[in-house]
1. First compute the accessible area of the stretch 332-461 with a 1.4 Å probe, then give the percent of it belonging to carbon and sulfur atoms.
2. Mind ranking Lys515, Lys408 by accessible surface for me, highest first, 1.4 Å probe?
3. Using a 1.4 Å probe and counting only protein heavy atoms, arrange Lys406, Lys351, Lys81 so the residue with the most accessible area comes first.
4. Quick one: give the max-minus-min coordinate of the C-alpha atoms of the stretch 315-412 along each principal axis, largest first, in Å.
5. Each residue of the stretch 241-249 in order: what ³J(HN,Hα) in whole Hz does its phi give by Karplus 6.51 cos²θ - 1.76 cosθ + 1.60, θ = phi - 60°, with x for Gly and Pro?
6. When all protein chains stay in place, what accessible area (Å², nearest 10, 1.4 Å probe) is found for Ser209?
7. Considering just Cα atoms, how many Å³ per residue does the convex hull of the stretch 253-380 enclose?
8. Project the alpha carbons of the stretch 377-536 onto their principal axes and report the range along each, largest first, in whole Å.
Amino acid sequence: MGNASSIEPTKTVFLDIDGKKEKIMFSRHCGSRDIHDLIAHAAGVSRYAEISLRDSTGAFVSLNPTMPINTQSSPYKVTSKEPSPTTGDGEVFTQVLSQVASQFNNQLSKEGVFKVEEMKTDIATRLSALERKMELEGLKAVEIEKCKRDISDIKDQIWNAQKKFVDFNRLSDDTSTVSDEAHPVSSLSDERKISLKRDVPSYPKYTLSQETIEYLKQPTFDIWHWEPNEMLSLLEHMFHELGLVAEFNINPITLKRFFLCVQENYRNNPFHNFRHCFCVTQMMYGMIHLCHLWEVMTREDLGILMTACVCHDLDHPGYNNTYQINARTELAIRYNDISPLENHHCAVAFKILSNPECNIFANVDKDTFKRIRAGITMLILATDMARHGEIMDNFKMKLEPEFDYKNKDSLDTLKMVLIKCCDISNEVRPMEVSEPWVDCLLEEYFNQSDREKMEGLPVAPFMDRDKVTKPTAQIGFIKFVLIPMFETVAKLFPVIDSTMVEPLRIARDRYEDMKEKNSMPPPPSQNNKKKTVTEK
């Protein structure tokens with residue numbers, strides 16, 4: 001238990017190009033087109049050339065990330081064929097459209113493993129290049145407009161296919177019989193029944209060592225060393241250890257089903273995924289122990305805090321509220337541009353709880369459930385960063401002259417600030433734990449900005465891969481958001497200053513050093529020195 005996740009290695013494939021030995025390297029995240037272009041470049045042909053590979057037995061080898069690796073002594077034989085120079089633009093365009101359609105059909109047939117993110121940038125680039133080429137070479141206006149409509153249709157297919165991809169891994173037993181034409185299936189719809197895809201016992205019961213039990217309470221906990229099933233067991237332990245199972249009279253099997261259903265309704269986004277859910281929940285668990293929150297809050301309050309953390313990003317699509325609003329998505333329309341994602345997370349959470357198999361609050365009375373529902377909703381909605389200033393100003397007012405734990409409004413504000421702290425607490429953790437999260441977040445940001453550019457929507461500078469770097473992304477956020485927020489909480493719980501604020505100051509200084517090093521000019525060339533030594 002607790003083995004470190006291994007990093008996917010780069011794959012190396014050896015090639016024989018007209019008797020010349022070459023090699024290419026790629027990762028499992030590459031698309032087939034990326035590999036095709038790598039080989040085309042190595043062969044010195046255009047990216048529109050037909051490329052085929054044969055192994056030492058003469059068998060054809062498919063160009064995809066799962067292709068078998070070979071050795072330098074048994075390279076793949078590369079054959080390439082350039083498009084005919086007499087081929088007209090219309091025929092070239094038709095060939096590209098056919099290739100794109102073929103990729104869509106092939107990928108969609110693989111039981112939901114359609115990787116839209118891998119394809120969309122390459123497809124958009126290729127189609128844009130064709131569009132420019134046709135306009136420059138003076139095709140008839142009607143032909144250009146027809147091609148533009150085809151391009152627009154393909155972009156729509158990319159977006160629709162992305163939504164369908166998520167649905168394949170989602171739990172919906174009432175959409176499979178509805179045709180897309182009559183009632184489009186949306187991965188962002190919260191008007192559907194959510195049920196379990198698998199039942200317990202689907203993951204083994206783990207026995208936690210005392211060392212792990214104590215480590216789990218620390219803000220320094222390394223969340224990267226745990227497999228999904230292990231994270232489920234750790235979440236169970238937290239609820240048992242805090243007395244929440246006894247407080248709400250939760251059936252242990254129902255608790256398992258609840259966590260399974262939650263896990264299945266987080267998407268495989270680079271950042272907003274189930275591991276992030278676990279990370280935020282574990283930090284809340286750590287803060288409860290660090291600040292002895294059971295002394296100032298009821299167990300019901302602690303249950304609301306923990307459950308809100310578990311559910312706070314359910315079914316996050318990987319595109320933020322700004323995108324939802326600018327793109328006029330279904331969620332933005334449904335929630336009138338007011339915290340559309342956070343409202344959706346709440347809706348999915350209570351859809352899960354509406355299933356008797358997963359309802360961990362089934363044994364509480366109506367008034368208690370009403371308080372729980374209101375509390376969880378309030379906390380998840382508070383995670384919208386658009387409300388950050390409002391919530392923090394309100395909290396600062398509650399601290400003066402003295403915080404009143406018996407006042408419901410004050411306590412609610414404290415709980416909102418606590419979930420906000422946990423939601424964006426990665427930089428509180430040690431560098432080796434926090435830095436990979438920055439890479440994950442930037443990947444998600446870049447995916448969004450690429451899509452915004454493709455759709456002609458506004459792009460935030462901090463999401464633009466051409467403008468942002470790791471240090472520039474973090475310095476301002478740490479200085480002006482994280483440190484002030486945690487310093488304010490430390491006025492109520494002084495222990496936070498040494499355990500959380502100090503690591504934030506260290507992280508700020510580290511990124512500022514990184515920025516300074518990145519901006520330094522390269523060292524002077526050593527060529528002259530080497531030449532002098534050679535002459536002697």
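1. 54 percent
2. From most exposed to least exposed: Lys408, Lys515.
3. Heavy-atom accessible area, descending, gives Lys406, Lys81, Lys351.
4. Principal-axis extents of the stretch 315-412 (Cα, largest first): 45, 38, 19 Å.
5. Here the 3J(HN,Hα) series is 5, 7, x, 6, 4, 6, 4, 9, 6 Hz.
6. Taking all protein chains as shown, Ser209 has close to 50 Å².
7. Normalising the Cα hull of the stretch 253-380 by residue number yields 120 Å³.
8. Extents along the principal axes: 84, 44, 23 Å.
The values are calculated or read from the model by the stated rules, or taken from the named source; none is laboratory data. Here the structure is a predicted model, which means the values were calculated and not measured. All Cβ positions, even for glycine, are placed from backbone atoms using ideal geometry, and neighbour counts span all protein chains on display. Note: areas computed on protein heavy atoms with side chains; ligands, DNA, RNA excluded. Shrake-Rupley method; radii C 1.70, N 1.55, O 1.52, S 1.80 Å.
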